[in-house]
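Colleague: Quick one: the structure is below, and I'll ask about it shortly.
The values are calculated or read from the model by the stated rules, or taken from the named source; none is laboratory data. Keep in mind that this is a model prediction, so the values were computed, not measured. Heads up, the Cβs are rebuilt from the backbone with ideal geometry, glycines too, and the neighbour counts pull from every protein chain shown. All accessible areas refer to the heavy atoms of the entire protein, side chains included, with ligands and DNA or RNA removed. Shrake-Rupley method; radii C 1.70, N 1.55, O 1.52, S 1.80 Å.
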Amino acid sequence: MLDKFGIARRIAKEVKNGYYVNLGIGIPTLVANFVRTDIEVEFQSENGILGMGPFPFEGQEDADVINAGKQTITALPGASYFDSATSFSMIRGQHVDLTILGAMEVSEQGDIANWKIPGLMVKGMGGAMDLVASADNIIVAMMHTNKDGQSKLLKRCTLPLTGVACVKKIVTNLAVMEITNKGFRLLERAPGVSVEEIKAATEGNLVVNGPIPEMS
Amino acid sequence: MITKTVNSIEEALAGISDGMTLLLGGFGLCGIPENAIAELVRLGVKDLTCISNNAGVDDFGLGLLLKNRQIKKMVASYVGENDEFERQMLSGELEVELIPQGTLAERCRAAQAGFPAFFTPAGFGTEVAEGKEIREFDGKMYVLEKAVKADFAIVKAWKGDTAGNLIFKGTARNFNPNMCGAAQITVAEVEELVPAGSLDPNQIHIPGIFVQRIVQGKDYEKRIEQRTTRPQS
């Protein structure tokens, strides 16, 4: 089974040379730490920076340079700042190659819910609805089940949707899956996790074709 | 040159009254018009509709207006960092419209640019699209969203000149340029106000035509919401 760093490390393998990548808040933010250093990648943060660098050293924080999670960050050589409309032109105009974000629920059709629990929690969608509606390549990073042990991979989402039929791939603490027209196709198992365990933790249809490799 | 300078934040916000709709720049606490928010608190204007990406934190930014019960309706994309906001929203005291961040930015830009509405894919198939016109273009579904309508746009810039030209810094730019000219009156407070001619015209982000009043700000706190650092290696 993977922890959040393991999930981030596995997703980092999906980041290819020449990609512009938008990372959501939470586990997705960690992905930047594991991307190969011998490829050229730029991270976009939707509040208005392309070419986002690591967190600053203590004493070098700039209140005017933050990421979408409101954390202080740095800008790498070649970075640029821009306004919010331009930022979403990059996103809506499909100039961003890969979007990685968290979710509360994903359905076997690729629907995603991650912004609201009616009556309990309302944080808002931020840029997530724009991202999922436009991006061609969306990977969800999340735990396979919630705190109560219930599956987050469902036949149908129960929470208000963020987007419909948009998720391409899901990496959880248990498995790597892709969305197909038959449901969640299992691609890889997390170390030490069996297909049966993954099946038991997945409410939606899990498609298992042949032997499933353990992720390397 | 047409001079846009006013001498105080009081003068800059003259004409703001109860029930008005305000656009306020900023992302989180980054690039928010601190002086204007303080002045709105002092004025005590109420029943405001505030359109801003976030709602501040409990004791800073728009959180100050919320605490004072001056906001009737909040239009934002993300409100996760404000407990008082969540309390007022869940109890029904505060009317809230949550909209996708890119849609919010584009609704401002549309108002600035004279477009009444536009189609975006964001929110299709979700509750955001309920009651809105849906149209298909090239096999993909889009939602019709309208330009914002507001009485005042209140923005914060890094540098500005007496002609109202603005330059922003870092990610404090965010919604500020998009809101300029998207309301009846645009007010810009700046960290450094210089005489016209002092700024390089090549470096201007927002030309003064989009700004009606510019004022020298003071005592910027620039609070950091999530101070995050890495260890010295």
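Colleague: Using a Förster distance of 22 angstrom, determine the FRET efficiency expected from the C-beta separation of A:E196 and A:D148, and round it to 0.05.
Modeller: On the way: r = 21 Å, r/R0 = 0.95.
With a Förster radius of 22 Å, E is 0.60.
Colleague: Compute the length gained on full extension between B:E84 and B:D138: take 0.36 nm times their separation in residues and subtract their Cα-Cα distance, giving the result in nm to one decimal.
Modeller: Length difference between fully extended and current span is 15.0 nm.
Colleague: How much net charge surrounds B:K146 when only the other residues with a Cβ under 11 Å from the Cβ of B:K146 are counted, with Lys and Arg +1 and Asp and Glu -1?
Modeller: On the way: positive: B:R107, B:K132, B:K149; negative: B:E106, B:E133, B:E145.
Residues close to B:K146 contribute a combined charge of 0.
Colleague: Summed for both chains, how many Å² of accessible area, to the nearest 100, are buried between B and A with a 1.4 Å probe?
Modeller: Details: alone 11830 and 11140 Å², together 18760 Å².
So the buried area, both faces added, is about 4200 Å².
Colleague: Please report the antiparallel percentage of the DSSP beta bridges confined to the protein assembly as shown, to the nearest 5. Display every interim value, and only then the final one.
Modeller: Numbers: 34 of 81 bridges.
The answer is about 40 percent antiparallel.
Colleague: Still on this structure: Could you compute how much accessible surface A:E40 exposes when probed at 1.4 Å, giving the result in Å² to the nearest 10?
Modeller: About 140 Å², rounded to the nearest 10.
Colleague: Which ³J(HN,Hα) values, rounded to whole Hz and listed in residue order, are derived for segment A:167-177 from phi using the Karplus coefficients 6.51, -1.76 and 1.60 in 6.51 cos²θ - 1.76 cosθ + 1.60 with θ = phi - 60°, glycine and proline given as x?
Modeller: Computed from phi, the couplings for segment A:167-177 are 6, 9, 9, 10, 10, 10, 5, 10, 7, 10, 9 Hz.
Colleague: Over chain A, what is the percentage of antiparallel beta bridges among all DSSP beta bridges, to the nearest 5? Can you show the working numbers first?
Modeller: Numbers: 21 of 38 bridges.
Here the share of antiparallel DSSP bridges comes out near 55 percent.
Colleague: Okay, moving on. Name the long-range amide H neighbours of A:T180: under 5 Å, sequence gap of 5 or more, or other chain; modelled H, no Pro or chain starts.
Modeller: Distant-sequence amide H within range of A:T180: A:R185.
Colleague: What is the sum of charges around A:G149, taking Lys and Arg as +1, Asp and Glu as -1, for the other residues whose C-beta is under 14 Å from the C-beta of A:G149? Present the calculation step by step, with values, prior to reporting the outcome.
Modeller: On the way: positive: A:K147, A:K152; negative: A:D148, A:E197, A:E203.
Once positives and negatives cancel, what remains is -1.
Colleague: On to the next question. Given H placed on each backbone N at 1.01 Å, which residues far from B:V194 in sequence or on other chains put an amide H within less than 5 Å of it?
Modeller: B:G160, B:D161, B:T162
Colleague: Okay, moving on. GNM, chain B, Cα, under 10 Å: largest mean-square fluctuation among B:K67, B:K218, B:K140?
Modeller: Between B:K67, B:K218, B:K140, it is B:K140 that shows the largest mean-square fluctuation.
Colleague: Using a Gaussian network model of chain B whose springs link C-alpha atoms within less than 10 Å, name the residue from B:K169, B:K156, B:K46 with the highest mean-square fluctuation.
Modeller: Residue with maximal mean-square fluctuation among B:K169, B:K156, B:K46: B:K169.
Colleague: Using the basic label-point model (7 angstrom from Cα toward the beta carbon), what is the B:K149 to B:F115 distance in nanometres?
Modeller: 1.9
Colleague: Using just the helices of chain A, give the 222 nm mean residue ellipticity in deg cm²/dmol: DSSP H runs with n ≥ 4 each add -39,500 (n - 2.57), and the total is spread over all residues, rounded to 500. Can you show the working numbers first?
Modeller: Details: 5 runs with 35 residues, N = 216.
Value at 222 nm, helices only, nearest 500: -4000 deg cm²/dmol.
Colleague: Gaussian network model of chain A, Cα springs within a sub-10 Å range: biggest mean-square fluctuation belongs to which of A:L154, A:L76, A:L30?
Modeller: Comparing A:L154, A:L76, A:L30 in the GNM, the peak value goes to A:L76.
Colleague: I would also like to ask the following. DSSP H helices in chain B with Cα extent of 15 Å or more along the helix axis and mean Kyte-Doolittle hydropathy at least 1.0? Display every interim value, and only then the final one.
Modeller: Working: long enough: B:101-113 (18 Å, -0.55).
Helices meeting the criterion: none.
Colleague: Could I ask something else about it? At 1.4 Å probe radius, can you tell me the per residue accessible area of chain B in Å²? Intermediate values should be presented prior to the final figure.
Modeller: Values: 9730 Å² over 233 residues.
Heavy-atom accessible area per residue stands at 42 Å².
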